[in-house]
Amino acid sequence: MTHTFQVEVENIKCGGCENSIVKGINSVAKVTDLVIDREKQLVSFSGEESIKQLIIDKLKSMGYPEKGSVAGLAAGITNAKSFVSCAIGRMT
């Protein structure tokens, strides 16, 4: 059964970030209706229940953690990862 999910994330700054998120999500799971709202820092998608955590983990590994899920040094590291993902997204 297909469900619709919304994940509030951190660090989405530009179109490069959005491009990287789309590629990253598509590399780990089949989703439909993928929408990235930069202003609201929200990633929405539809898919099987089993993919939700895969998507959350992939976003975190790319520097876009679920809001409030990292703090301190880990937050600094994910922010740095988001800059790298952003740069890659701008080049592609």
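Partner lysines whose Cα lies under 17 Å from the Cα of Lys30, excluding those fewer than 8 positions away in the same chain, are identified as Lys52, Lys58. In plain terms, the residue of Cys14, Cys86 with the fewest other Cβ atoms within 10 Å comes first and the most crowded comes last, giving Cys14, Cys86.
Dipole of the chain computed with +1 at Lys/Arg Cβ and -1 at Asp/Glu Cβ about the Cα centre; of Ile36, Gly24, Leu54, farthest Cα towards the positive end is Gly24.
Taking each DSSP H run with n ≥ 4 as -39500 (n - 2.57) and averaging over every residue of the chain yields -16000 deg cm²/dmol at 222 nm.
In this structure the amide hydrogen of Leu42, modeled in the peptide plane, comes within under 5 Å of the amide hydrogens of Val9, Asp37, none closer than 5 places in sequence on its chain.
A short reminder: the numbers here are calculations on the coordinates, not readings from a lab. Fair warning: this is a prediction, and the values are worked out from it, not measured in the lab. With ideal geometry, Cβ positions are generated from the backbone for all residues, glycine too; neighbour counts draw on all protein chains shown.
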